[in-house]
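To keep things clear, I will list the structure first and then write my remarks on it.
The values are calculated or read from the model by the stated rules, or taken from the named source; none is laboratory data. From a predicted model like this one, the values you see are computed outputs, not experimental measurements. Cβ: placed from backbone, ideal geometry, glycine included. Neighbour counts: every protein chain shown.
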Amino acid sequence: MYSTYESADGTSPVNSVIPYPRMPVETNVSERPKESTGIKHSKYINILSKMAADIVNPVAGNARLAACLVFKNEIISFGINEMKSHPFQAKYGKNSDSVFLHAETSAIKNALKYLTPAELSKTSLYICRVKFHDPSKNKMIFGLSKPCSGCFRCINTFNIRKVIYTLDNEGCSML
């Protein structure tokens, strides 16, 4: 039922649904989120930071975003920003031009294959963005990954009450 995500360092942190083929790249996400939301949350953010850093051809101006849904302490699905249009994203896009899958909507769409809407309302959504810190593109840091208005609409539609996202440069925040 699940495929395995293997990070660039060869480890396999979780068994999960992966909506894209893994493409390894050299990366150094040296700063981990401060424990502003707790150790449990940083575990998932760290997994997402590796996944986001592995995105080879980011969309939307080098945005490298990854999201996951956690149900009963198990990752159910992943999503990343993709240059792939989908009717699900068109339904929740912030405008009519926003047709490419966002990480959040992709994770929710993938989770619907395994969870009912009632179960989905009991999940936690984690969102991580990484970006290059310097022009030489040697070091990556966390970026703000607060959901856009279209993603908020999708999150509210499925009644997801806990959303944890990275802040610019350090830390996490919770909605």
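Quick look at the numbers
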quantity	calculated
Residue check, residue 153 farther than 13 Å from residue 69 by Cβ, of a type in the set (D, E, K, R), surrounded by 21 or more Cβ atoms within 10 Å (Cβ to Cβ) and at pLDDT below 95	no
Any hit, the stretch 48-69, residues being assigned to a loop (DSSP other than H, G, I, E, B), at pLDDT 85 or above and out of contact with any Ser or Thr (no Cβ under 8 Å at 6 or more places or on another chain)	no
Top-ranked residue in the stretch 98-128 [being under 19 Å from residue 81 (Cα atoms) and of a type in the set (Ser, Thr, Tyr); ranked as modelled with the lowest pLDDT]	98
Of all residues in the stretch 84-126 being among the hydroxyl-bearing types (Ser, Thr, Tyr) and part of a helix (DSSP H, G or I), the one that is farthest from residue 42 (Cα to Cα)	92
Residue 154 being of a type outside the set (D, E, K, R), in a helix (DSSP H, G or I) and within 17 Å of the chain's Cα centre (by Cα)	yes
Residues (over 20 Å from residue 92 (Cβ atoms), of a type in the set (Lys, Arg) and buried (at least 16 other Cβ atoms within 10 Å of the Cβ)) located in the stretch 119-150	131
Subset tally (residues that are more than 21 Å from residue 99 (Cβ to Cβ) and touching a helix residue (DSSP H, G or I) at 6+ places or on another chain (Cβ under 6 Å)) for the stretch 131-162	1
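A quick yes/no check of all residues on (1) touching a residue at least 12 places away in the same chain (Cβ under 8 Å); (2) loosely packed, with under 14 Cβ neighbours inside 10 Å; (3) of a type in the set (A, V, I, L, M, F, W, C):
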{"position": "82", "(1), (2), (3)": "yes, no, no"}
{"position": "88", "(1), (2), (3)": "yes, no, yes"}
{"position": "96", "(1), (2), (3)": "no, yes, no"}
{"position": "101", "(1), (2), (3)": "yes, no, yes"}
{"position": "117", "(1), (2), (3)": "yes, yes, no"}
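Here's the yes/no breakdown for (1) outside any loop (DSSP other than H, G, I, E, B); (2) modelled with pLDDT of 95 or more; (3) in contact with an Asp or Glu (Cβ under 8 Å, 6 or more places away or on another chain):
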site	(1), (2), (3)
82	no, no, no
130	yes, no, no
135	no, no, no
141	yes, no, yes
160	no, yes, no
163	yes, yes, no
